[in-house]
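Undergrad: Next up is a structure, given as structure tokens.
The values are calculated or read from the model by the stated rules, or taken from the named source; none is laboratory data. Bear in mind that the values here come from a model prediction, so they are computed numbers and not experimental data. No Cβ is skipped: glycine too gets one built from the backbone with ideal geometry, and neighbour counts run over all protein chains shown. These accessible areas exclude ligands, DNA and RNA; they are computed on the full protein's heavy atoms, side chains included. Shrake-Rupley method; radii C 1.70, N 1.55, O 1.52, S 1.80 Å.
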Amino acid sequence: MHEENKAAANGCGKIRSGAQNGAALLALMEKTGYSMVQQNGQRKFGGPPPGWEGPPPPRGCEVFVGKIPRDMYEDELVPVFERAGKIYELRLMMEFSGKFIGVCVSLDNCRLFIGAIPKDKKKEEILNEMKKVTEGVVDVIVYPNATDKTKNRGFAFVEYESHRAAAMARRRLIPGTFQPWGHTIQVDWADPEKVVDEETMQRVKVLYVRNLMISTTEDKIKAEFNKFKPGVVERVKKLRDYAFVHFFHREDAVAAMSIMNGKCIDGASIEVTLAKPVNKESSWKQHFNGQISPSSENLLGFPNKEDGTQKSLGKPASLSVRLNGQHSPSPPEVERSTYPIFPGIKLTPISMYSLKLSHFSSAVMHLDYFCHKNSWAPPEYCLYSTTSQDGKILLVYKVLISSITDDSQSYFMPEKLCTTVEDAKELAAQFTLLHL
């Protein structure tokens with residue numbers, strides 16, 4: 001029996017010839033009126049559909065479907081997806097896995113991270129450079145240096161009009177042929193901001209204040225935000241050049257945000273927004289893609305699942321981890337397995353810094369990567385010890401973070417001692433990442 005007949009008889013699959021596939025797709029286009037084009041390794045069905053008027057659907061209307069069987073095409077996929085609603089566009093990649101499909105909300109990321117930018121370049125200069133070589137640039141987000149507000153931090157975020165425009169820009173910039181101001185830049189997808197539902201945001205009474213001077217104190221911030229209405233600020237928590245201002249009442253927080261945004265404190269023009277609440281138990285776990293071990297959870301002071309109590313490092317556990325000015329997303333767990341090296345397998349030299357953050361399960365390695373990405377000197381660890389009442393030697397590391405270009409230095413040391421060198425170093429790296 002031929003393979004086609006076997007598959008049909010068993011009801012477990014099918015094999016179509018190229019002619020049969022082409023005929024099925026033509027019939028689909030005639031039936032629906034949608035167009036179909038193939039480009040950049042994908043085939044696009046629709047976008048827009050016939051009779052569509054107005055702009056494309058907004059962000060958040062797209063889902064990603066993975067692991068589609070390799071023998072399924074648009075004529076079978078479209079009827080399945082149309083059960084959920086009218087399709088604006090379907091993009092089918094030309095490589096498939098042959099396993100069960102998985103569906104999740106598409107990130108629809110329109111923002112790129114650009115690193116290794118000269119720190120003397122202004123927003124307008126960076127914007128013009130990006131517009132020269134990429135299309136669809138909407139905005140450039142540049143953060144001032146923590147110690148010298150006339151300089152940037154060596155990186156920027158470029159916002160594009162669509163995910164496709166951002167993807168094409170990333171492809172154009174990654175090979176390294178584009179060297180603005182004679183510098184080889186780093187290009188990667190920016191971490192998407194944490195999405196918080198509107199109902200939750202309506203209850204927020206904490207403001208996030210950034211672009212502060214390092215020298216500005218919590219008392220000064222509290223006094224400035226109390227000026228428009230004395231006594232409305234409950235407390236202030238400052239970390240480096242940003243702070244969280246807690247209010248007793250939400251209406252006062254909203255009013256203060258409107259009044260204080262763009263004001264100068266100690267010579268720095270501040271930016272004020274509503275703080276996005278984070279899950280106290282999961283913020284750091286999300287940051288490490290779910291790879292924190294039980295012992296690491298105890299080191300960091302996560303809530304105990306049995307008694308509900310929470311240990312403390314002396315810092316608010318609700319602080320969200322911010323890398324490159326972004327809230328870390330909650331990506332799926334990274335597979336951590338070993339695989340055999342078969343004879344003939346080609347091994348290629350690779351730099352640790354060319355990997356993704358998801359490849360690191362250790363905070364020590366993560367901190368080293370983060371310093372490299374921001375053009376800082378490697379972190380320096382200084383070990384200290386003391387003796388407990390029962391005679392045990394307890395250890396703690398102090399971490400020094402130095403900027404290569406502006407000679408600024410910052411020290412970080414957790415307020416907790418460990419019994420092993422490995423735990424002490426991991427805790428110090430976690431603590432430093434939490435406060436950078």
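Undergrad: Give the residues of the range 198-213 that are more than 20 Å from Ser258 (Cβ to Cβ) and surrounded by 14 or more Cβ atoms within 10 Å (Cβ to Cβ), sorted by residue number.
TA: Met213 - this is the single residue of the range 198-213 that is more than 20 Å from Ser258 (Cβ to Cβ) and surrounded by 14 or more Cβ atoms within 10 Å (Cβ to Cβ).
Undergrad: Does any residue in the range 135-146 that is closer than 15 Å to Glu161 by Cβ come within less than 9 Å, Cβ to Cβ, of a residue that is surrounded by fewer than 16 Cβ atoms within 10 Å (Cβ to Cβ) and among the polar types (S, T, N, Q) six or more places away or on a different chain, and which pairs are these?
TA: These pairs meet every condition: Gly136/Ser162.
Undergrad: Report the residue count in the range 353-381 for those that are of a type in the set (Asp, Glu) and open to solvent by 50 Å² or more (accessible area, probe 1.4 Å). Spell out how you get there, then give the answer.
TA: To start, the set of residues in the range 353-381 that are of a type in the set (Asp, Glu) comprises 368, 380.
Among the residues that remain, those that are also open to solvent by 50 Å² or more (accessible area, probe 1.4 Å) are: 380.
Matching residues across the range 353-381 total 1.
Undergrad: Could you please give the count of residues in the range 154-178 that are farther than 18 Å from Lys132 by Cα and surrounded by fewer than 21 Cβ atoms within 10 Å (Cβ to Cβ)?
TA: Matching residues across the range 154-178 total 1.
Undergrad: I would also like to ask the following. Of the conditions (1) open to solvent by 60 Å² or more (accessible area, probe 1.4 Å); (2) under 25 Å from the mean Cα position of the chain (by Cα); (3) among the hydrophobic types (A, V, I, L, M, F, W, C), Val421 fails just one. Which one is it?
TA: (2)
Undergrad: Kindly indicate the residue of the range 199-235 that is among the aromatic types (Phe, Trp, Tyr) and touching a strand residue (DSSP E or B) at 6+ places or on another chain (Cβ under 6 Å) and also nearest to Thr273 (Cα to Cα) among those meeting that condition.
TA: Result: Tyr208.
Undergrad: Out of the strands (runs of 3 or more DSSP E) lying entirely within the range 31-80, which hold 1 or more residues that are open to solvent by 70 Å² or more (accessible area, probe 1.4 Å)?
TA: Here the list reads 36-39, 63-66.
Undergrad: For Pro50, work out the one condition from (1) farther than 29 Å from Ala169 by Cα; (2) modelled with pLDDT of 80 or more it doesn't fulfil.
TA: Among (1) farther than 29 Å from Ala169 by Cα; (2) modelled with pLDDT of 80 or more, Pro50 violates only (1).
Undergrad: Which residue pairs have Cβ atoms under 8 Å apart, sit 6 or more places apart or on different chains, and have a first residue in the range 114-125 that is assigned by the TED database to the domain that holds Ala169 and a second that is of a type in the set (Asp, Glu)?
TA: Gly115/Asp188; Lys119/Asp406
Undergrad: OK, next. Against the condition open to solvent by 30 Å² or more (accessible area, probe 1.4 Å) and modelled with pLDDT of 85 or more, how does Tyr384 come out, does it pass?
TA: Yes; evaluated as a whole, the condition is true for this residue.
Undergrad: Listed residues Ala9, Ala84; which is modelled with pLDDT under 85 and either over 29 Å from Ser354 (Cβ atoms) or in the same structural domain as Lys151 (by the TED database) (or both)?
TA: Ala9
Undergrad: Further question on the same structure: Scanning the range 21-30 for residues that are of a type outside the set (A, V, I, L, M) and exposed (fewer than 13 other Cβ atoms within 10 Å of the Cβ), which turns out farthest from Gly85 (Cα to Cα)?
TA: Restricting to residues being of a type outside the set (A, V, I, L, M) and exposed (fewer than 13 other Cβ atoms within 10 Å of the Cβ), the top hit is Gly22.
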